[in-house]
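Contents: one structure, followed by commentary.
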Amino acid sequence: DNAQFTNTNAFALNADGVRIGGSAFLRKIQTEGVVCLVGATIGKTLDCEGGQFSNVKAIALNANGAKIEGAVYLRNGFKADGIVWFMGATIGGGIDCSGGQFINPGANAFVGDAVRIEGAVYLRNGFRAEGAVRFLGATITLDLDCVGGQLINDKANAFIGDGMKIGGAVFLRNGFKAEGEVRFPGATISLDMDCSGGQFVNTNTNADACALQ
């Protein structure tokens, strides 16, 4: 905890292709520059709870193609100023971003295109993204739970879920707020899609932003 890694020009921490038999703990660390876990293999969890990852208008955390046997925790004080990438990753225990902040206004804040998640995704209880959250073509075996979450990318895409396969339900309710288009065209949702009490605002294009297309 409380470690600091700084290199604003390139890598703050480069662990591309690393093989870790247990968990990777990046809790409460502070970084300036890219943290790279591209193609990493982690035998248990990736725990970034409370971590501060900063690389403004660039990549803050890159775990593209990583294989993580357990869960990913980006929660409870986690903050990324820059893009968080999990494109094409395989995650065995879900992603919990409850209370996390993902800040990259006007661009992508979180990219999970083609990710496979054996569990649920939690973007709830104080979760806030400024910039697009992308799960294009992703597979989630349980729920996508955004209860109380905020996705802010006004006049652009707030959430991109085109072609997703969701084995459980989608919850965009009870304090959920989106400023920007929420997209699920071509998605498959096995159970309910519940938007009760949610707010969907898009002053630029589609008023019916929550509709399946």
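The values are calculated or read from the model by the stated rules, or taken from the named source; none is laboratory data. Everything quoted here is computed from the prediction, not taken from an experiment. Cβ atoms come from the backbone with ideal geometry, glycine included; neighbour counts cover every protein chain shown. The accessibility values were calculated without ligands, DNA or RNA, using every heavy atom of the protein model including side chains. Shrake-Rupley method; radii C 1.70, N 1.55, O 1.52, S 1.80 Å.
Remark: accessible surface ordering of V56, V38, V115 (largest first) is V56, V38, V115, probe radius 1.4 Å.
For K67, a cut-off of 21 angstrom between C-alpha atoms picks up these lysines, skipping any fewer than 8 places away in its own chain: K44, K165.
Mean sequence separation of contacting Cα pairs (under 8 Å, at least six apart), scaled by the length of the chain, corresponds to a relative contact order of 11 percent.
Heavy-atom surface analysis with a 1.4 Å probe gives the stretch 89-213 a carbon and sulfur content of 45 percent of its accessible area. Here the Kirkwood formula puts the hydrodynamic radius of the stretch 7-69 at 11.7 Å, using every distinct Cα pair.
For the chain, the solvent-accessible area of protein heavy atoms averages 41 Å² per residue (probe radius 1.4 Å; ligands and nucleic acids excluded).
Modelled spin-label separation between D194 and A58, with each label point placed 7 Å from Cα along the Cα-to-Cβ direction: 4.3 nm. Global size of the chain: 16.1, 48 Å for Rg and Dmax (C-alpha atoms, Rg to one decimal, Dmax whole).
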